[in-house]
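No lab work stands behind these numbers, since they all come straight from the coordinates. What you are looking at is a predicted structure, and each value in this text was computed from that prediction instead of being measured. All Cβ positions, glycine included, derive from the backbone under ideal geometry; neighbour counts span all protein chains shown.
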Amino acid sequence: MTDLQTSLFIIGGAFVVGVISYNKWQEYKAKKSVERAFSGSHDDVLMKAPAGKESAEAPVRHEPKLFESDSDAKFDAKVAATLPHDDPEQSAEQNVLEPQLGNPMAGAAQQTAAAVRRDLPVDELIDCAIPLALDAPVRGDKVLPALQSLRHVGNKPIHFIGEDANGDWEPVAHGGIYSTLLAGVQLANRTNPLNEIEYSELVSRLRQIADDIGAEPDLPDMMEVMHTARSLHQFVTEHDAQLGVNIQSNGAPWAISTLQAALTRQGFDARPEGRMVMSDGEGGLLFSLSTNASAVAETTSRLTLLLDVPRVAPDRDGYGAMVACGRSLAARLGGVLVDDSNQPLADIQLAEIAGQVDAFYREMDAAEIPAGSVRALRLFS
């Protein structure tokens, strides 16, 4: 067999394989179209309208309706001064966060109080929300396996909520029936903002899920999402405040074993990772304590109380409780309250810091991210 004949055989074989592959692809596309067209043709007792309410009209596809809430506008106005400007002459409107990228509250839910909306796992202020328009209403138990396959991109959590027959939004759950779905990816946390790679991964995987459940995602522009994510992360960076109060021994170092008992009596709980924490009595944390010693050390001459300011609500008075605890420990252990430079902390200095904490809380309230709120706990994590 000559080289020419061999080449012709190879070319012919490749052509045949190509034709077969193309036909298989066409069959797959046709099959998917048929499945989608007839997937809702069977009666489902959970989907059927109550007796006497059937309509002769053909069902209308339910499109998601997003709106720009009043809280978004308030955020833009109040946070503009706290976010950085790349150009000093650039208007504040170009530098504030852009929660309008995906606002999950539509229809009847638009009238729901903002405090209730923030309890949902998809938040219009700190998440990039992506509507998933459905071909027909879906049951939660049928779509949950697909949705639960996408929980994170990078270190950013992803959640899904759905709109029920009453127009209310809720986390997608077994037993629910939803006319619209909404995916939300958190835009930033303490570590970093959502980046291009993470967003591209989200889009790719979300499209596959949408194809599996018969939905069409309405994807926002990547550049706008990146701008919003960076602005939100800048806000987090500028408000990531932690306050420390130290108790310095006036004499000999304290034995760690003795400290453990004293701290337990003071109300501290030991955590598995080795931290000592003061609970707020309702499952949250007020502040933590460090012995400033290694795991094998037997003594220490310095304790540090630490308050994670944005994660503690003002009404908990975390700072006041921390200072009171520090004074009590200093009196019981024979120590003195000092700053990080080992200088004694006078009452007037502690009062000045308390005023700064109050101002910090007001700034967070103005940004509609109150300290200790669900939003703050998610962002400052």
What is the mean projected area of the alpha carbon convex hull for region 270-359, to one decimal in square nanometres?
6.8 nm²
Length gain on complete extension for the stretch T258 to L377, per 0.36 nm per residue less the alpha carbon to alpha carbon distance?
39.5 nm
Using 1/(1 + (r/R0)^6) with R0 = 41 angstrom and r between the beta carbons of Q148 and D269, what's the FRET efficiency to the nearest 0.05?
0.80
Based on the mean of other beta carbon atoms within 10 Å per residue, what is the order of 127-138, 259-270, 174-185, most packed first?
127-138, 174-185, 259-270
Label-point separation, D340 to E298 (7 Å along Cα→Cβ), nm:
3.2 nm
Rg (one decimal) and Dmax (whole number) from the Cα set of region 186-276, in Å, equal 23.6, 72
